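Working notes, beginning with the structure itself.
The values are calculated or read from the model by the stated rules, or taken from the named source; none is laboratory data. Here the structure is a predicted model, which means the values were calculated and not measured. Reconstructed Cβ throughout: ideal geometry from the backbone, glycine too, with neighbour counts over all protein chains shown. Heads up: the accessible areas ignore ligands, DNA and RNA and are worked out on the full protein's heavy atoms, side chains in. Shrake-Rupley method; radii C 1.70, N 1.55, O 1.52, S 1.80 Å.
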Amino acid sequence: MKLDLTALADEHLSAARTAPHGRSAHLLMHDGVLRQTVIALTSGTSLDEHNAPPAASLQVLRGRVNLTAAGWAEELTAGELRMIPKERHGLTALEDAVVLLTAVND
């Protein structure tokens with residue numbers, strides 16, 4: 001399967017801008033334990049704190065986000081890739097943003 005991440009980022013950011021909760025997400029790939037999801041968030045929109053999968057990474061495709069966990073926060077900008085912490089965490093868009101979440105679930 002071949003996907004155009006730029007087009008998907010555009011599509012979901014447009015959808016997030018008109019969505020009541022300011023976000024849009026789409027599961028791109030699901031192959032066994034591997035999942036990849038594009039998530040678009042408008043500025044100020046958050047994904048509330050949630051449990052971490054066994055392994056995951058977050059790549060910022062557009063904008064800036066704040067990744068938070070117990071006692072710390074880290075700002076990530078377009079082009080950056082980071083492992084997701086193993087503890088409960090949340091995500092807030094500091095400006096309109098699109099991220100690619102890659103997760104391995106058991």
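So which residues in the stretch 17-29 are part of a strand (DSSP E or B), open to solvent by less than 60 Å² (accessible area, probe 1.4 Å) and among the small types (G, A, S), if there are any at all?
Residue satisfying the conditions is S24 alone.
Could you list, in sequence order, all residues of the stretch 96-106 that are among the polar types (S, T, N, Q) and open to solvent by 40 Å² or more (accessible area, probe 1.4 Å)? Lay out the reasoning, then the answer.
Kept after step one, since they are among the polar types (S, T, N, Q), are these residues of the stretch 96-106: 102, 105.
Residue satisfying the conditions is N105 alone.
Name the pairs whose Cβ atoms lie under 6 Å apart, with the first residue in the stretch 64-84 and without any contact (Cβ under 8 Å) to a residue 40 or more places away in the chain and closer than 18 Å to A40 by Cα, the second open to solvent by 80 Å² or more (accessible area, probe 1.4 Å) and not in a strand (DSSP E or B), and 6 or more positions between them or separate chains?
none
If I ask for residues that are of a type outside the set (G, A, S) and in contact with a His (Cβ under 9 Å, 6 or more places away or on another chain), which ones from the stretch 57-78 would you list?
L67, T68
Cβ contacts < 6 Å: first residue part of a helix (DSSP H, G or I), restricted to the stretch 1-16; second residue exposed (fewer than 14 other Cβ atoms within 10 Å of the Cβ), any location; separation 6+ or different chain. Result?
So the pair list comes out empty.
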